[in-house]
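Presented below is the structure to which this report refers.
The values are calculated or read from the model by the stated rules, or taken from the named source; none is laboratory data. Computed from a predicted structure; not experimentally measured. When we count neighbours, we look across all protein chains shown, and the Cβ atoms used for this are built from the backbone with ideal geometry, even at glycine. Surface areas here come from the heavy atoms of the whole protein model, side chains and all, with no ligands, DNA or RNA. Shrake-Rupley method; radii C 1.70, N 1.55, O 1.52, S 1.80 Å.
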Amino acid sequence: RAPGNAWSQWPRIFRVDYGHAEAALAYGQDPRKYSVMTRRFVGDEQGKLKGVEIVGVKMERDAQTGQFRPTEIPGTVQMLEADLVFLAMGFLGPEATLAEQLDIARD
């Protein structure tokens, strides 16, 4: 454990689950990406999803507000192939306006 991670806290250690190990074996690398931000979803000519463009970020303090904000790292743009994306929106569910703008069916 790191000095700032007391015994009473959940241990902040790098874990590899069996699914991560299987993906690393099958695809040659750990499937997890850290410190990245989605820039855009990329579609084909018919408008169907074919990928997600991501960029590496670092957290920098805003001089005016003091808040930390993600700042893109030049030269780190990557395209991840995808035909399905899940939006993790939190426990209360997405705002209706986003789903309406994206024309997403809701239950």
(request) Could you please find all residues in the stretch 6-61 being more than 14 Å from Gln78 (Cα to Cα), among the polar types (S, T, N, Q) and modelled with pLDDT of 90 or more? (result) Gln46
(message) Residues that are open to solvent by 60 Å² or more (accessible area, probe 1.4 Å), of a type in the set (Val, Ile, Thr) and outside any loop (DSSP other than H, G, I, E, B): does the stretch 76-87 have at least one?
(response) no
(message) Quick check on the stretch 42-59: of everything there that is of a type in the set (D, E, K, R) and loosely packed, with under 11 Cβ neighbours inside 10 Å, which residue is farthest from the chain's Cα centre (by Cα)?
(response) Glu45
(message) Looking at the structure I just gave you, is Lys33 of a type outside the set (S, T, N, Q) and under 18 Å from the mean Cα position of the chain (by Cα)?
(response) yes
